[in-house]
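A.B. asks: Got a structure for you, questions after.
The values are calculated or read from the model by the stated rules, or taken from the named source; none is laboratory data. These numbers were taken from a predicted model, which means no experiment stands behind them. Positions of Cβ are generated from backbone atoms using ideal geometry, with glycine treated the same way; all protein chains shown enter the neighbour counts.
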Ligand code: SF4
């Protein structure tokens, strides 16, 4: 059984796939405790892998994209089985992770890594995109972990605060080859 916080159908509001319809599966629990975290990933219920796959179908029909988020999706062992089952059901699996827990992933799984306190090098080298939270400073100390491999690196202003937006904008303009501005566009339209 997996510990679940919520499931819903919306659009991806962030990153490379912004605007794409997606079913979100928010897994409960996280192995970190970030100061600025505003996500409710508390446990609401337990659900089997089969139940979650059925729920994804009921919510999104044939929508190809499913986003596993949290909390930290890899904090639960059965997430591995959920990924397999969703792929078997024809879904394109996207995962949003803090990158602390290493797991082998099929090559068609899209991995967004948003490093916080620490980072497993295996997950850094597997990331398809990187999200850095700008909260009073640009946390560019994470860049070496991702090496010279060019992956989109989004600077996301925490809380859309003007000071954080200004910092992120300045950094993006200073290093256009490395950074993109990361906006939580779903919040602009009141979507989840
Ligand atoms: S890693 Fe993400 S979900 Fe976990 S506490 Fe930090 S911000 Fe929240």
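A.B. asks: Out of 91, 80, which single residue is modelled with pLDDT of 95 or more, in contact with a strand residue (DSSP E or B) (Cβ under 7 Å, 6 or more places away or on another chain) and more than 16 Å from the ligand (Cβ to nearest atom)?
C.D. replies: Result of the check over 91, 80: 91.
A.B. asks: Can you pull out every residue in the range 157-172 that is in contact with a strand residue (DSSP E or B) (Cβ under 9 Å, 6 or more places away or on another chain) and more than 13 Å from residue 137 (Cβ to Cβ)?
C.D. replies: Residues satisfying the conditions are 165, 169, 172.
A.B. asks: Something else about it: Got a number for residues in the range 13-31 being in a loop (DSSP other than H, G, I, E, B) and more than 14 Å from the ligand (Cβ to nearest atom)?
C.D. replies: Within the range 13-31, residues that are in a loop (DSSP other than H, G, I, E, B) and more than 14 Å from the ligand (Cβ to nearest atom) number 7.
A.B. asks: Report yes if residue 34 is within 16 Å of the ligand (Cβ to nearest atom) and assigned to a loop (DSSP other than H, G, I, E, B), otherwise no.
C.D. replies: Spelling it out, residue 34 is indeed within 16 Å of the ligand (Cβ to nearest atom) and assigned to a loop (DSSP other than H, G, I, E, B).
A.B. asks: Among the numbered conditions (1) within 21 Å of residue 184 (Cα to Cα); (2) in contact (Cβ under 8 Å) with a residue 24 or more places away in the chain; (3) assigned to a loop (DSSP other than H, G, I, E, B), tell me where residue 10 comes up short.
C.D. replies: (3)
A.B. asks: What number goes with the only condition from (1) within 30 Å of residue 174 (Cα to Cα); (2) out of contact with any helix residue (DSSP H, G or I) (no Cβ under 7 Å at 6 or more places or on another chain); (3) within 16 Å of the ligand (Cβ to nearest atom); (4) not in a strand (DSSP E or B) that residue 71 does not pass?
C.D. replies: Of everything listed in (1) within 30 Å of residue 174 (Cα to Cα); (2) out of contact with any helix residue (DSSP H, G or I) (no Cβ under 7 Å at 6 or more places or on another chain); (3) within 16 Å of the ligand (Cβ to nearest atom); (4) not in a strand (DSSP E or B), residue 71 misses just condition (1).
A.B. asks: Right, next: Among the helices (runs of 4 or more DSSP H) confined wholly to the range 111-192, which include 1 or more residues that are modelled with pLDDT under 95, touching a helix residue (DSSP H, G or I) at 6+ places or on another chain (Cβ under 6 Å) and buried (at least 18 other Cβ atoms within 10 Å of the Cβ)?
C.D. replies: 143-146
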